[in-house]
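Colleague: Pasting in a structure now, in structure tokens, and then I'll have a few things to ask.
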Amino acid sequence: MFGRYILLSPSLWWSDKAIFKELGPAPGSTSPARLYVATGQHENKKHHGGQSMVDQHLEMVRLLQKVESSQLKIQSEILETETHRTIFGPGFTKGLRFVYSDSR
């Protein structure tokens, strides 16, 4: 449906990590897509089943890299000095640069 995605500090723990059960190749998807994922370095408090938001971010990226085709380009960053409250500005700017970097 869409080809560009930005995930900033995603709540991957929601509904007992339901998103992890849904990860896999999109049926009939042959279109290229770009995904930027960023989480703040200071979102490392262990909760949500013993994992931090940083841990869950890294786990999701690892799984996506295994199951998705070469059509999905992923940029993943843990942004230094950022928290859940401060990630939006730098993350959104970096995300836009990545997802539209193929448009030049």
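Colleague: Of the conditions (1) modelled with pLDDT under 85; (2) assigned to a loop (DSSP other than H, G, I, E, B), GLU43 satisfies every one except a single condition; which number is it?
Modeller: So GLU43 meets the others, but not (1).
Colleague: Something else about it: Checking the structure you have, find out if any residue of the stretch 66-84 is under 24 Å from TRP14 (Cα atoms), acidic (Asp, Glu) and at pLDDT below 90.
Modeller: There is at least one residue in the stretch 66-84 that is under 24 Å from TRP14 (Cα atoms), acidic (Asp, Glu) and at pLDDT below 90.
Colleague: Within the set of pairs 6+ apart or on separate chains, which have a first residue in the stretch 82-101 that is in contact (Cβ under 8 Å) with a residue 12 or more places away in the chain, a second that is surrounded by fewer than 18 Cβ atoms within 10 Å (Cβ to Cβ) and of a type in the set (Ser, Thr, Tyr), and C-beta atoms under 8 Å apart?
Modeller: VAL99/TYR5
Colleague: Same structure again: Filter the stretch 14-40 for residues that are in a loop (DSSP other than H, G, I, E, B) and either farther than 14 Å from GLU59 by Cα or modelled with pLDDT of 80 or more (or both) and give the result.
Modeller: PRO25, ALA26, PRO27, GLY28, SER29, THR30, SER31, PRO32, listed by residue number.
Colleague: Let me ask something else about it. What do you reckon, is VAL61 in a helix (DSSP H, G or I), touching a residue at least 12 places away in the same chain (Cβ under 8 Å) and in contact with an Asp or Glu (Cβ under 7 Å, 6 or more places away or on another chain)?
Modeller: no
Colleague: Next question. Can you name the residue in the stretch 39-82 that is surrounded by 14 or more Cβ atoms within 10 Å (Cβ to Cβ) and among the β-branched types (Val, Ile, Thr) and, of all such residues, is nearest to LYS21 (Cα to Cα)?
Modeller: Taking the candidates together, the pick is VAL61.
Colleague: Can you tell me which residue in the stretch 87-104 is surrounded by the fewest Cβ atoms within 10 Å (Cβ to Cβ), limited to those that are of a type in the set (Gly, Ala, Ser) and out of contact with any Leu (no Cβ under 9 Å at 6 or more places or on another chain)?
Modeller: Selected residue: SER103.
Colleague: Restricting the search to the stretch 12-22, which residues are surrounded by 12 or more Cβ atoms within 10 Å (Cβ to Cβ) and among the polar types (S, T, N, Q)?
Modeller: none
The values are calculated or read from the model by the stated rules, or taken from the named source; none is laboratory data. These numbers were taken from a predicted model, which means no experiment stands behind them. Neighbour counts run over all protein chains shown; Cβ positions are idealised from the backbone, glycine included.
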